[in-house]
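One structure is given below, encoded as structure tokens.
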Amino acid sequence: MNPSSDDDDLWEAMADPTRRKLLDLLVAHGHATATTLTAEMPVSRQAISKHLLLLQRVGLVDGQRQGREVRYEVREQRLAEATGALSEVANRWDRRLRTIKQLAEQAHAADRSKSADSGGGHSPRTTL
Amino acid sequence: MDNYTIEREIEIEAPVEVVWRTITEPQLIRTWFSDAAEIEARPGAVGSLTFRADTDAPNVVGITVVAADRPHRFSYRWVYPPGERATEANSTLVTFTLVADGEGRTRLRVVESGLEQMDMGDDEKQKFLEQHRHGWQVQGDRLRDLFAPGHASSP
């Protein structure tokens, strides 16, 4: 499988809130079947089965047939990869916001010392 | 629709006007965001951001200002190929909201939405994901904590 279509699939799989909820439940329970998951979701069993198949296709869950049901569990390594795609954007903004905070606070402090200095004839350094 | 929406907030000990300048003026954008920035805080203004400017493969992306209500709201579309028109299909929407919080303090919120609507060619998508992957490795464990509290493996 080439890496870019692999990424596309993972990206798409994680974009759906129902599938994210299913992964959440699978992580919480360790494993589950479409039937047990239906009890906890406002979606039909048929829809859940479809979502699970898609998750299996992109490697986010493993399914093992047990009698008439398939027992699913999360593949943790793959999930870590996928949640990384979601959260990295947030982490980047966290870092940027921290820098913005630093810059704005420095500029503000400089502005204040500038106005405090203005009577004293001191020539202040500008930062902005 | 807004499945991939990021929302982040920070408290800053500076007045809104100072924060506004920090997030909108190109020479200041260069200190917290891109290596180079050509942008004007005016609705409809089209510009560019350059990342990795000092490498063999600089990454230039388009930016189009959607709203600029000084000093309370600044939003733009970005990460689309420069030269193209920014649309919902080729860009994400970033909105900064600045709220004065007492004397000389600002609550700054940023929302980035529309990540799921990115309809990029394979090359662009690959590039976009590569940029993210660098962070995935570093942040992997923490991310899993976020997504599945109580299920994290200890280092």
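Each reported figure results from applying straightforward, stated rules to the coordinates on display, with no laboratory input. Model, not experiment: these values are computed from the prediction. Note: ideal-geometry Cβ built from the backbone for every residue, glycine included; neighbour counts use all protein chains shown.
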Other chains' Cβ within 10 Å of B:25-36 residues: what's the mean? 2
Considering every residue in B:13-19, what mean count of other chain Cβ atoms within 10 Å of its Cβ is obtained? 6
GluC sites (Glu not before Pro) within region B:42-117, DSSP loop, no more than 15 other Cβ atoms inside 10 Å: B:E84, B:E88, B:E103
Whole-Hz ³J(HN,Hα) for each residue in region A:30-45, computed from phi via Karplus 6.51 cos²θ - 1.76 cosθ + 1.60 with θ = phi - 60°, x for glycine and proline: what do you get? x, 7, 6, 10, 4, 5, 5, 5, 4, 5, 10, 10, x, 9, 5, 4
Cα-based equivalent ellipsoid of region B:52-114: semi-axis lengths in Å, sorted from largest, via gyration tensor: 28, 15, 9
Taking 0.36 nm per residue of separation between A:L53 and A:D16 and subtracting their Cα-Cα distance, the length gained on full extension comes to 11.9 nm
Roughly how crowded by other chains is peptide A:76-83, in terms of the mean Cβ count from those chains within 10 Å of each of its Cβ atoms? 5
Given a Förster distance of 45 Å, the FRET efficiency implied by the Cβ-Cβ spacing of B:A36 and A:M41, rounded to the nearest 0.05, works out to 0.40
Normalised convex hull volume, region A:61-115, alpha-carbon set, Å³ per residue: 67 Å³
If I take all pairs of Cα atoms in region B:19-90, what percentage of them are more than 20 Å from each other? 26 percent
Convex hull volume of the Cα atoms in region A:1-81, per residue, in Å³? 89 Å³
